[in-house]
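Worksheet: one structure, shown below.
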Amino acid sequence: MDFPVLIAILLFIAGASIGSFLNVVIERTQQRRSFWQGRSFCNHCNHQLVWYDLIPLVSFLSLGAKCRYCRKKLSWQYFCLEVLTGLGFVAVAWRFAPHGYGFLAFWLLLFSFLVVIFVYDLKYQYIYDRFSLPALALVILAQIIWQPLTWWQFLLGGVAGAGVYLALYFLSQGKDIGGGDIRLGALIGFFVGLKALLYVLLYSYFIALLVLLIYLLVKRKKIKYLPLGPFLISGLLLYQFFPLQSVHLIDSVFGKIVDFLI
């Protein structure tokens with residue numbers, strides 16, 4: 001979909017602003033603090049921040065990635081998350097606005113939950129139910145309202161998505177897979193259905209393998225723990241944004257492998 005540059009800019013600003021809030025959600029969740037109450041403060045010196053310290057992207061760059069008060073370095077997570085959420089909002093609107101404003105609003109909200117799950121699992125290796133269950137509720141609500149899948153595909157997808165990681169949980173005795181991964185698998189399965197779940201999983205594990213190989217080549221040592229959530233979400237987004245290309249690519253690649261083996 002083509003939309004005016006002004007709309008894209010406004011979407012980017014809105015996304016960056018949401019990304020700034022998501023940073024607060026992530027950090028305060030880790031600190032076991034409410035993200036609805038209390039003013040923002042520096043994590044180094046605890047100085048309370050004022051509005052001009054909190055302008056998305058601008059404040060971070062103008063301060064040279066340092067706290068205005070103690071001059072200690074700020075994490076680049078803040079800036080990167082704001083940029084990525086801004087770009088994500090533009091991409092979501094480009095892909096899903098033609099399906100109606102209601103569906104677009106659903107996707108923007110779901111995307112925000114997925115960003116939090118992605119970053120939190122990547123940084124702290126944990127997926128909270130307070131993030132995954134509301135996202136799952138959104139997916140169920142979308143199925144009720146728009147019914148993008150048959151109910152049979154919807155239910156089978158959710159059961160298969162949860163079942164794969166439930167089986168891995170028992171096989172690893174809970175060492176490699178957690179309850180959050182099981183619920184995220186269910187969320188993705190319900191969202192895409194049984195048929196598309198295979199493509200999402202293949203994408204996810206291909207991305208994970210690529211990251212692992214790059215890490216081994218650069219760092220020359222093994223990764224102690226590889227969080228699953230970011231790769232599942234990456235696979236989901238790739239499939240949702242490019243469904244036809246995904247099917248064609250994976251079918252052609254695996255078709256060649258099968259032909260070679262046979």
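The values are calculated or read from the model by the stated rules, or taken from the named source; none is laboratory data. Just so it is clear, the structure is predicted and the values come from calculations on it, not from any experiment. Ideal geometry is used to build each Cβ from the backbone, glycine not excepted, and the neighbour counts take in all protein chains shown.
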ask   = Do we find that Ile7 is surrounded by fewer than 16 Cβ atoms within 10 Å (Cβ to Cβ), part of a helix (DSSP H, G or I) and either in contact with a Phe, Trp or Tyr (Cβ under 7 Å, 6 or more places away or on another chain) or of a type outside the set (Phe, Trp, Tyr) (or both) in this structure?
value = yes
ask   = Does Thr85 satisfy the criteria of being closer than 28 Å to Tyr126 by Cβ, assigned to a helix (DSSP H, G or I) and touching a Phe, Trp or Tyr at 6+ places or on another chain (Cβ under 7 Å)?
value = no
Selected residue (criterion: surrounded by the most Cβ atoms within 10 Å (Cβ to Cβ)) from residues of segment 108-142 that are modelled with pLDDT of 95 or more and of a type in the set (S, T, N, Q) = Ser132
message = Among the listed residues Leu184, Leu201, Leu197, identify the single one that is free of Cβ contacts under 8 Å to residues at least 40 places away in the same chain and either surrounded by fewer than 18 Cβ atoms within 10 Å (Cβ to Cβ) or under 20 Å from the mean Cα position of the chain (by Cα) (or both).
response = Leu201
request  = Determine if segment 163-178 includes at least one residue that is polar (S, T, N, Q) and assigned to a helix (DSSP H, G or I).
outcome  = no
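Going by what's in this entry, would Leu136 be described as in contact with a Lys or Arg (Cβ under 8 Å, 6 or more places away or on another chain), aliphatic (A, V, I, L, M) and farther than 13 Å from Thr85 by Cα?
In short, yes.
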note = Note on segment 6-53: residues farther than 20 Å from Leu114 by Cα and among the β-branched types (Val, Ile, Thr) are Ile7, Ile9, Val50
message = Would you confirm whether or not segment 161-168 contains a residue that is modelled with pLDDT of 95 or more and closer than 23 Å to Phe96 by Cβ?
response = yes
request  = List every residue pair whose Cβ atoms sit under 7 Å apart, with the two residues 6 or more apart in sequence or on different chains, where the first one lies in segment 20-37 and is touching a residue at least 24 places away in the same chain (Cβ under 8 Å) and the second, anywhere, is crowded, with 16+ Cβ neighbours inside 10 Å and charged (D, E, K, R).
outcome  = Ser20/Glu82
request  = Of the conditions (1) in a helix (DSSP H, G or I); (2) surrounded by 12 or more Cβ atoms within 10 Å (Cβ to Cβ); (3) modelled with pLDDT under 95, Ile55 clears all except one; give me its number.
outcome  = (1)
inquiry  = Name the single residue that is nearest to Cys70 (Cα to Cα) among those in segment 17-52 being in contact with a helix residue (DSSP H, G or I) (Cβ under 8 Å, 6 or more places away or on another chain) and assigned to a loop (DSSP other than H, G, I, E, B).
reply    = Asn43
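Kindly establish whether Gly193 is touching a Leu at 6+ places or on another chain (Cβ under 9 Å), under 18 Å from Val159 (Cα atoms), assigned to a helix (DSSP H, G or I) and at pLDDT 80 or above.
Taking the combined requirement at face value, the residue satisfies it.
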